[in-house]
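One structure is given here, and the rest of the page talks about it.
Derivation of every value follows stated rules applied to the coordinates shown; laboratory data play no part. These numbers were taken from a predicted model, which means no experiment stands behind them. No Cβ is skipped: glycine too gets one built from the backbone with ideal geometry, and neighbour counts run over all protein chains shown.
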Amino acid sequence: MRAPLVDGHGRRINDLRVSVTDRCNFRCQYCMPAEGLTWLDRDDVLRFEEIERLVRLLAEMGIDSVRLTGGEPLVRRDFPALAGMLAAIPQLTDLSVTTNGFLLERDAAALVAAGVQRFNVSIDSLQRDRFFEMTRRDALPRVLAGLHALASQPGVGKVKINAVALRGYTEDEVLPFARFAREHPFEVRFIEFMPLDADQAWTPGSVLSGEEIRAIVGREFPLEEEEREPSATARTYRFVDGTPGRLGFIDPVSHPFCSDCNRIRLTADGKLRTCLFSLGETDLRTPLRAGATDDELEAVLREAVWRKELKHRVNEKGFQQPARSMSAIGG
Ligand code: SAM
Ligand code: SF4
């Protein structure tokens, strides 16, 4: 074992997001432009062995939770094989995947068998035409079929639904999602829209806050907050009337949780990002491919993590949106 990873503000870092591809088969309005982005060259994308080596090293430094994301992780060829390689790293106690669900009917069984414990499936509307409008793909029936295929896998862990909350769109989705959460074993989580869209259309006014959503739900289904775990990014609520089900709220804009942040990110092209909103990144691929030893890579990682940003500045004057958008960072 190596010494734990800590940043210069005293935060212990144990959570890693790994983007396995920048490519995606959807074009969600809050993430990608309609025409897509210029994809990375294949040679620039980390190979499975390279990802595994970095994750193994980070696991020796105290990373115990890894979420695989993208782009759309399931479009990466043989993705379940990568999940299996990472699941075999002994220090990892939590391996999860965030997906748009389009390929889940094909891959759910393989991913669960590979050792993925938890899944987040992104669904912004339960109405087919509005889902099409937001993702620019007429794919709701297929995504729901994937979600149910996943839930029926023996041994699957928690499955959550992620919905990005946008003013002028999500208000009408809130109650259908609340009903869905009462009728199905999926926690529905609303995520405030962040300025990470490739179109740079974000404005403070386009964020529908968690508080506003809770007010809409509360008129029909009163909610009560559950106890929050120390470094949890989501606040969760149950229904006061005792109906099973849960709603989660991730409110990074209205209630930043930076002081508890325990997270770093690895992009598909091997750059370490210490914040979603980082303006700089640390290149790991070059030393990796130049034959750096584990000790040399450890020094690069430690130095980068030490400089992790204190907080994001979304609500401050002069905020600068990073050059990479959400799909290229790995959300
Ligand atoms: N393609 C997969 C998916 O959509 O689940 C994984 C990658 S996606 C970038 C990860 C998560 O980020 C999704 O839940 C997506 O809805 C969310 N997301 C994307 N752009 C966002 C934005 N500008 N603000 C807030 N969440 C965003
Ligand atoms: Fe693709 Fe996910 Fe971005 Fe939608 S949010 S465009 S599914 S990467």
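Given their separation in residues at 0.36 nm each and the Cα-Cα distance between them, residue 211 and residue 93 gain 39.2 nm when the chain is fully extended.
Taking Cα atoms only, the orientation of helix 210-220 departs from the longest principal axis of the chain by about 30 degrees.
Given the options 59, 163, 299, which has the most mean-square fluctuation in a GNM of the chain, springs set between C-alpha atoms less than 10 angstrom apart? The residue with the greatest mean-square fluctuation here is 299.
Rounded to the nearest 500, the helix-only mean residue ellipticity at 222 nm of the chain stands at -8500 deg cm²/dmol, with each DSSP H run of n ≥ 4 adding -39,500 (n - 2.57). Each DSSP beta bridge with both residues in the stretch 15-329 is either parallel or antiparallel, and the antiparallel ones are about 30%. When Rg and Dmax are taken over the Cα atoms of the stretch 60-142, they come to 14.4, 47 Å.
Quick one: plug the Kirkwood hydrodynamic radius of the stretch 225-328 (C-alpha pairs) into Stokes-Einstein at 10 °C, 1.306 mPa s, and report D in µm²/s. The diffusion coefficient I find is 97 µm²/s.
So for the stretch 116-244: antiparallel DSSP bridges make up what percent, rounded to the nearest 5?
Among the beta bridges of the stretch 116-244, antiparallel pairing accounts for roughly 30 percent.
Using a simple spin-label model with pseudo-atoms 7 Å out from Cα toward Cβ, residue 40 and residue 319 lie 2.6 nm apart. Each pair of Cα atoms in the chain enters the Kirkwood radius, and Stokes-Einstein at 37 °C and 0.692 mPa s then converts it into a translational diffusion coefficient of 162 µm²/s. Rounded to the nearest 10 degrees, the inclination of helix 48-60 to the longest alpha-carbon principal axis of the chain is 90 degrees. Averaging Cα coordinates gives a centre for the stretch 1-24 and one for the stretch 81-97; these two points are 15 Å apart. The GluC sites (Glu not before Pro) found in the stretch 239-331 that occupy coil by DSSP, while having at most 14 further C-beta atoms within 10 Å, are 316. Per the Debye formula on identical point scatterers at the alpha carbon atoms of the stretch 167-220, with no solvent, log10 I(q)/I(0) at q = 0.17, 0.18, 0.22, 0.30 Å⁻¹ is -0.59, -0.64, -0.86, -1.23. Relative contact order for the chain: 22 percent, from Cα pairs under 8 Å spaced at least 6 residues apart, divided by residue count.
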